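The values are calculated or read from the model by the stated rules, or taken from the named source; none is laboratory data. Worth saying up front: this structure is predicted, and the values here are computed from it rather than measured. FYI the Cβ positions are ideal-geometry reconstructions off the backbone, even for glycines, and counts take in every protein chain you see.
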Amino acid sequence: MEKTYEYLKKAEIALKEKDVARFIKNITMAKYSASNSEEDKTVFVEQVCGLISLGEYSLAMETLEDPIILGLSQTEHNHLLYQKALVLVNLGDYNKAIELLEALAKDESLEVSTRANSGLAWVYMQMFHLNKNAYLLMKAESYCHKVLSLVAESDQTMTRLRIRALVTLGAIYKSQNDLYQSLNAYKSALQISRDEKTLNQMATLYAQLGYHAKAHKYFEEAEKLATQNNNYTELYTNHLLRGQIAEYHTIDYHQAKDQYLVAFDFAVVAGDMFAAYNSLLKILKMDYIVTAESIDFLLRRNNPYKPDIPEVLD
């Protein structure tokens, strides 16, 4: 087990560093150095979960077809079926994912059943993002309420599932433009645990409702928490949202540009080039608007009796 353990540790480090090639190399070495069925199962589970975490869904699906899955305990088997459903969603096979999760939702184990209902809520939300169908939101909402009915507030073992259900409800109500209901759902989630992603959503809702002082307070808390956790993705989101609020709500283009510049920096640090490109486009847009406004101001100042200035810059 010593050799296997060494390779698993190296694979874990590669996973944290998002190094796909190094993860695959070390998990493969761990697989070949395993000397008994228990080690085989340990490596198998780590391999599947690691590939999913890295976004390598096709490889994860190939691994899940390994015959070793037949040697797993019922608990391990259920866990991997849940992981398989998540992989299927990311590969676009929603119907098969729903079929798997619905079967798990009927399991006698409260934890398995609750996790499956939570997964079903997530799947229907993913489908809604692709196809803006109110029925899909209704299905997601029903599964969230099912999770909340299964998990008692005092049950510490499934707290994360309760939080996830409340956060999903917040997103559902926001999609339905029921901002106060959304606010209440996020508040309930934050009463259980402070989370930078949820704090960012709370701040955005307060800004949309016109409570800018409260929005600022939640953005500041989210930024502080994300900084402590080295969560560069949420730091990017934090400043992107602040920029959007400055651009569309308070109409302060200079402030919007400043926020987009910070968002760009965090996107680069997070290694998300699409987010960085998105931020860059917004920065250029703010530059264009500010420059156009400055030119317009100068032209009007020099032509006080001609409010409608003809085009002279061609």
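Just to check your reading of the model, which residue among Y82, Y57 is in contact with a Leu (Cβ under 7 Å, 6 or more places away or on another chain) and modelled with pLDDT of 85 or more? Step through it out loud before you land on a result.
Working: Y57 fails: modelled with pLDDT of 85 or more.
Only one candidate qualifies: Y82.
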Among the residues of the stretch 111-132, are any within 30 Å of G210 (Cβ to Cβ), surrounded by fewer than 23 Cβ atoms within 10 Å (Cβ to Cβ) and more than 17 Å from the chain's Cα centre (by Cα)?
yes
When the residues of the stretch 143-177 are filtered to those that are over 21 Å from M202 (Cα atoms), among the polar types (S, T, N, Q) and out of contact with any helix residue (DSSP H, G or I) (no Cβ under 8 Å at 6 or more places or on another chain), which remaining residue is modelled with the highest pLDDT?
S149
Return the residue satisfying two criteria in turn: it lies in the stretch 1-32 and is of a type in the set (S, T, N, Q) and over 26 Å from N229 (Cβ atoms), and of such residues it is surrounded by the most Cβ atoms within 10 Å (Cβ to Cβ).
T4
Given (1) buried (at least 18 other Cβ atoms within 10 Å of the Cβ); (2) of a type in the set (V, I, T); (3) under 30 Å from N117 (Cβ atoms), T75 misses just (1)
Boolean, F264 is in a helix (DSSP H, G or I), touching a residue at least 12 places away in the same chain (Cβ under 8 Å) and touching a Ser or Thr at 6+ places or on another chain (Cβ under 6 Å):
yes
Tell me whether the stretch 218-239 contains one or more residues that are within 19 Å of D178 (Cα to Cα) and touching a helix residue (DSSP H, G or I) at 6+ places or on another chain (Cβ under 9 Å).
no
